[in-house]
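Accompanying notes for the structure given below.
The values are calculated or read from the model by the stated rules, or taken from the named source; none is laboratory data. Just so it is clear, the model here is predicted, and its values are computed rather than measured. Glycine also receives a Cβ, built like all others from the backbone with ideal geometry; neighbour counts cover every protein chain displayed. These area figures cover heavy atoms from the full protein model, side chains too; ligands, DNA and RNA do not enter into them. Shrake-Rupley method; radii C 1.70, N 1.55, O 1.52, S 1.80 Å.
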Amino acid sequence: MAERPLLVFRQITKSFGAVRALRGVDLEVRAGEVHALLGENGAGKSTLIKVATGAHAPDSGTIHLAGERLERLDPALARRRGIACIYQQPALFPELSVAENLALRLEPTSAWRRVVWSERRRMAATLLSRIGADIDPEREVRTLSMPEQQLVEIASAMGAGARVVIMDEPTASLTRREQERLFGIVTALRREGVAVIYISHRLEEILTLADRVTVLRDGQTVACHARAEVDEAALIRLMVGREVDQLYPASESAPGAVRLELKGLCCRAAGGRPVSLRVRAGEVYGLAGLVGAGRTELARTIFGLTPADAGEVWIDGSRVSIGSPQAAIAQGVAYVPEDRRRHGVVLELPVGQNISLAAWRRIFPLGWLRGDRERSEAEHFVRALSIKTPDTDAAAANLSGGNQQKVALARWLATRPRVLVLDEPTQGVDVGAKSEIHRLVRRFAAEGMAVLLISSDLPEVLGMSDRIGVMRGGELVAELPQGATAMDVMSAALGQTPSEGAA
Ligand SMILES: Nc1ncnc2c1ncn2[C@@H]1O[C@H](COP(=O)(O)OP(=O)(O)OP(=O)(O)O)[C@@H](O)[C@H]1O
Ligand SMILES: [Mg+2]
């Protein structure tokens, strides 16, 4: 394509105090292409997007849109010029209908001004159908799922005449079906001549969707390639600057005695069904299943967030009562939740305190604060998980999304629990960090922890687990030994017999 680029960034720099987030980024995006932006956690992707949407002013560098230089971009101006960003958590009014939300967004600036009510509804329907979204414009936004709200955002961007649509990790919490629908919409946007900037840590998504890929490393552009010129290994090398061992670490020792046992455990109030399973010391027990199969609900019950109303939990041969997260922590149970951006880190607190928050009882057995010990513990985890932060005193809010996730993980690992429940531990982290996390989980298991690993990343469950439990409809429907195949897991998750699954 000899087409002139639509949006051009030249040598963009941006520092936050001493942190040089962007040190010279070049990016050229064409109309009608899906341009993937790839880079490790903290490479500068989200910061670049905030520059593009006018949320951050760059320190230096230029931005051109359709040949015209954009100066002093602010969010309103960026929107007027047709640069839209779809966030993971859309900012819509929950009490208003879809049509009302779209009208509010679009009327002040476009032909929507002062249209009659029936007309608004019709226009909303038109916009939604243009992106292939099957949503009734009369529905109140609070009744929509997060992905449906994302669709409303995309419709609103299209209605505002967006020429550039930016998606920053849009699929992080989508089910497979929702993901496929989103891909369909991305393809439709491309067909309409929209430039899509697409950020994701899932390389297979990028290889499927993108026409071109730009790779950032440490705030600089290191490469821009057409899809056909690269494969997964090449992208990883460009991103990380070295080879990443993608093999899963093998278990180092035979599992010991039963550490965690659930006997018909369930919280019916939270929609659970009785689950019985055993995890040995040193064992990684993978929990597979489709999104909505009840894995997170089970994890929340084990951790006392939705205390069980039936069944028993046994740890190291004694029955324990877990009526609250405090009780769970006291019994040596740790839980790294799925939605770490909301529940995992305290944004206002420094990285160091976030890491020692749950561990303070172990770190300060005498009850007073020992700053030096807290610091060395935190520094240990910052190194072990390669958390990108200037130091342990930096506020967690200033870390990139993936690095905040690593802080949440470190916080629970620091408690040295007997039972570690991990819910999607590598979602949103880059490939390098992912393999660090795998190694660390193995090491903690080898030290005697019982690990319950919930993951929708099938290769991860297959590669990390000593045994795999498959859940469906809130129940444990199968237990598979190590060596089970993706097909075995999927057919159990879908409720097919293996022969049906293979067909
Ligand atoms: N407001 C801020 N104050 C201080 N530092 C910041 C701020 N925003 C971002 N940073 C730093 O800038 C760097 C780039 O962060 P950015 O969020 O752009 O990374 P990213 O590529 O989006 O990473 P991820 O894949 O984890 O989302 C990081 O080192 C981050 O800590
Ligand atoms: Mg980011």
Point-to-point label distance, residue 247-residue 69, nm (Cα→Cβ direction, 7 Å offset): 5.4
What figure in square angstrom, to the nearest 10, would you give for the accessible area of residue 263 with a 1.4 Å probe? 80
Around residue 58, what is the net charge, scoring Lys/Arg as +1 and Asp/Glu as -1 over all other residues with Cβ under 14 Å from its Cβ? +3
Can you count the Lys pairs in the chain with C-alpha separation below 26 Å, eight or more apart or on different chains? 13
To the nearest 20 debye, what charge dipole does the chain have about its Cα centre, counting +1 at the Cβ of each Lys and Arg and -1 at the Cβ of each Asp and Glu? 840
Long-range alpha-carbon pairs in the chain, meaning those over 42 Å apart, account in percent for 22
³J(HN,Hα) across the stretch 331-336 via Karplus (A = 6.51, B = -1.76, C = 1.60, θ = phi - 60°), whole Hz, x for Gly/Pro? 8, x, 9, 10, 9, 9
Using label points projected 7 Å from each Cα along Cα→Cβ, tell me how many nm separate residue 143 and residue 76, to one decimal. 3.4
Using 0.36 nm per residue, how much length does the chain from residue 330 to residue 457 gain when fully extended, once their Cα-Cα distance is taken away? 42.7 nm
Work out how much length residue 416 to residue 16 would gain on full extension: take 0.36 nm times their residue separation and subtract the Cα-Cα distance, in nm to one decimal. 140.6 nm
Which net charge results when you count Lys and Arg as +1 and Asp and Glu as -1 among the other residues whose beta-carbon is under 11 Å from that of residue 392? -3
Per the helix-only model, the chain has a calculated mean residue ellipticity at 222 nm (DSSP H runs of ≥4, -39500 (n - 2.57) each, divided over all residues, rounded to the nearest 500) of -10000 deg cm²/dmol
In the chain, if the dipole is taken from +1 on Lys/Arg beta carbons and -1 on Asp/Glu beta carbons about the Cα centre, which of 67, 240, 174 is farthest to the positive end? 67
With labels modelled as points extended 7 Å from the Cα through the Cβ direction, what inter-label distance (nm, one decimal) is found for residue 117 paired with residue 188? 2.8
For residue 479 and residue 257, what does the FRET efficiency come to when R0 = 22 Å and r is the distance between their Cβ atoms, rounded to the nearest 0.05? 0.75
If you wrap a convex hull around the Cα atoms of the stretch 429-473, how much volume per residue is inside, in Å³? 83
Applied in sequence order to the stretch 76-84, the curve 6.51 cos²θ - 1.76 cosθ + 1.60 (Karplus, θ = phi - 60°) yields integer Hz couplings, x standing for Gly and Pro, of 5, 5, 4, 5, 4, 7, x, 9, 10
Here the net charge surrounding residue 223, from other residues whose Cβ is less than 12 Å away from its Cβ (Lys, Arg +1; Asp, Glu -1), is +1
Between the stretch 14-68 and the stretch 168-235, what is the C-alpha centre distance in whole Å? 16
